[in-house]
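Notes to accompany the following structure.
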Amino acid sequence: MYNPKSLKAEEFIDHNEIMETLKYADENKDNLELIDSLLDKAAQLKGLTHREASVLLACEDEERINKMFALAEQIKKDFYGNRIVMFAPLYLSNYCVNGCVYCPYHIKNKHICRKKLTQEEIKREVIALQDMGHKRLAIEAGEDPVNNPIEYILESIKTIYSIKHKNGAIRRVNVNIAATTVENYRKLKEAGIGTYILFQETYHKESYEKLHPTGPKHNYAYHTEAMDRAMEGGIDDVGLGVLFGLELYRYEFAGLLMHAEHLEAVHGVGPHTISVPRIKRADDIDPDVFDNGISDEIFGKICALIRICVPYTGMIISTRESEEVRNKVIHYGVSQISGASKTSVGGYADEDEAENSEQFDVSDHRTLDEVVNWLMRNDYIPSFCTACYREGRTGDRFMTLCKNRQIQNCCHPNALMTLKEYLMDYASDDTKAIGEKMIEKELNNIPNEKVRQICKEHLVDIENNKRDFRF
Ligand code: SAM
């Protein structure tokens with residue numbers, strides 16, 4: 001029944017195949033010869049299959065696990081250099097008709113403050129985000145055809161893109177809304193979105209149905225096949241994710257990789273990003289009632305293995321994770337992080353007003369400036385670049401660039417130029433001093449001399465406030 005090319009959820013995420021995979025992984029978890037050969041294969045940057053990956057996840061040999069961490073960092077550097085893309089979530093509305101048992105927005109929660117931003121309020125939120133220095137947002141909304149119809153989402157995207165405050169601009173809007181129709185995905189594409197993100201929550205069908213007892217999200221197949229509809233609707237870049245803690249992590253990990261393999265097999269391009277959220281405390285939600293929580297150690301291993309097995313994908317860590325955890329996993333292949341996030345509706349412009357509309361507690365409370373500063377102290381370049389999708393580098397065009405390791409001549413200079421903008425417009429004195437040094441040093445890491453020269457000229461333009469929004 002397992003068929004990665006099938007468009008049916010239960011065939012490309014075949015339960016029996018996952019069970020067989022876990023059995024195979026258990027049988028081989030001490031097979032060091034096999035494990036070493038898999039690590040050698042991974043080092044060739046071609047990725048690993050869900051079966052191979054599951055063996056590495058089951059492996060408990062410390063030396064091999066440390067090799068996985070080192071390899072993940074190396075692969076990330078080979079494909080993406082030392083850039084880390086920055087973004088923030090923007091919650092538009094927490095009205096929701098679903099019954100997801102882990103989410104405070106579930107329909108039965110009568111005491112959470114329900115809120116939907118007006119276009120005027122969105123403007124205030126976006127200005128607050130621009131004033132921090134953000135250029136890339138992920139918009140979030142509950143599923144509610146009456147309160148949050150697609151027209152509302154489209155109007156909001158238009159509003160977000162239209163706001164130019166001081167030197168600020170949101171240049172890429174990624175969208176995390178419930179599974180929808182091909183027609184609606186087409187509309188999102190026309191509205192100029194970046195990535196369409198939808199977390200699977202769990203790949204385990206039986207658990208999925210229990211965890212989503214009511215509402216449209218109950219339909220496992222409709223949810224799991226959403227990325228195929230998104231791609232049919234013309235969206236090239238899709239973002240996968242599992243909500244770790246709901247089901248056995250080894251099951252989820254195999255399912256996630258099978259989903260990535262399916263997208264590659266059917267559409268010729270795998271996931272643009274993979275997110276690894278873990279359940280957090282929230283209004284009406286106690287994460288401890290879910291039995292499958294994972295330790296920080298396992299979490300780190302999962303991050304490293306996603307990088308090793310799907311080397312070309314962007315990997316996202318949100319502020320669900322603490323500074324301490326982010327400090328660790330940033331070295332395991334992460335390529336995008338959020339900073340200074342609020343998970344409440346209206347929380348950027350008015351913290352008090354939105355206090356009771358939060359989706360979950362964030363664990364990293366640092367300002368964007370502090371996160372940027374921290375990254376640079378760890379020798380990572382914070383990038384506010386959004387050029388790719390506006391230059392048509394989406395889907396397989398982006399992936400080809402990435403797989404051919406051409407990113408260093410393209411994204412690296414863009415990262416430096418957008419960092420320069422950030423330093424001039426928003427950074428503290430200390431961050432600015434570190435950043436200027438970093439730019440000077442990192443200019444030398446642009447391999448092509450001509451590109452390096454152009455980058456230098458643009459940096460002078462930015463310094464002289466001659467800006468255009470290329471990035
Ligand atoms: N309503 C949309 C949907 O159904 O996909 C939008 C997603 S919601 C705003 C964003 C994500 O937050 C969810 O997909 C879920 O994985 C995650 N989430 C929900 N409750 C959470 C919690 N208590 N802790 C951490 N993440 C949570």
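Going through the range 420-471 one residue at a time, which ones are part of a helix (DSSP H, G or I) and either of a type in the set (Phe, Trp, Tyr) or in contact with a Gly (Cβ under 6 Å, 6 or more places away or on another chain) (or both)?
Tyr422, Leu423
How many residues are within 24 Å of Gln359 (Cβ to Cβ), part of a helix (DSSP H, G or I) and in contact (Cβ under 8 Å) with a residue 60 or more places away in the chain if we restrict to the range 307-330?
1
Filter the range 287-301 down to residues that are part of a helix (DSSP H, G or I) and within 15 Å of the ligand (Cβ to nearest atom) and give me whichever is least open to solvent (accessible area, probe 1.4 Å).
Of everything passing the filter in the range 287-301, Phe299 is least open to solvent (accessible area, probe 1.4 Å).
Of the residues Arg229, Arg250, only one is assigned to a helix (DSSP H, G or I), over 20 Å from Glu17 (Cα atoms) and of a type outside the set (Asp, Glu); which?
Selected residue: Arg229, the only one of Arg229, Arg250 that is assigned to a helix (DSSP H, G or I), over 20 Å from Glu17 (Cα atoms) and of a type outside the set (Asp, Glu).
Within the range 385-396, is there a residue that is under 21 Å from Asn444 (Cα atoms) and open to solvent by less than 10 Å² (accessible area, probe 1.4 Å)?
no
Checking the structure you have, find out if any residue of the range 325-338 is modelled with pLDDT of 95 or more, of a type in the set (A, V, I, L, M, F, W, C), open to solvent by 10 Å² or more (accessible area, probe 1.4 Å) and under 15 Å from the mean Cα position of the chain (by Cα).
Looking for residues that are modelled with pLDDT of 95 or more, of a type in the set (A, V, I, L, M, F, W, C), open to solvent by 10 Å² or more (accessible area, probe 1.4 Å) and under 15 Å from the mean Cα position of the chain (by Cα), one finds none in the range 325-338, hence no.
When you look at Ser322, is it open to solvent by 20 Å² or more (accessible area, probe 1.4 Å), within 16 Å of the chain's Cα centre (by Cα) and within 16 Å of the ligand (Cβ to nearest atom), yes or no?
Judged against the criteria, Ser322 is not a match.
If you go through the range 61-77 one residue at a time, do you hit one that is touching a residue at least 12 places away in the same chain (Cβ under 8 Å), within 30 Å of Met424 (Cα to Cα) and in contact with an Asp or Glu (Cβ under 8 Å, 6 or more places away or on another chain)?
Within the range 61-77, not a single residue is touching a residue at least 12 places away in the same chain (Cβ under 8 Å), within 30 Å of Met424 (Cα to Cα) and in contact with an Asp or Glu (Cβ under 8 Å, 6 or more places away or on another chain).
The values are calculated or read from the model by the stated rules, or taken from the named source; none is laboratory data. What you see is a predicted model; the values in this text were computed from it and never measured. All Cβ positions, glycine included, derive from the backbone under ideal geometry; neighbour counts span all protein chains shown. All accessible areas refer to the heavy atoms of the entire protein, side chains included, with ligands and DNA or RNA removed. Shrake-Rupley method; radii C 1.70, N 1.55, O 1.52, S 1.80 Å.
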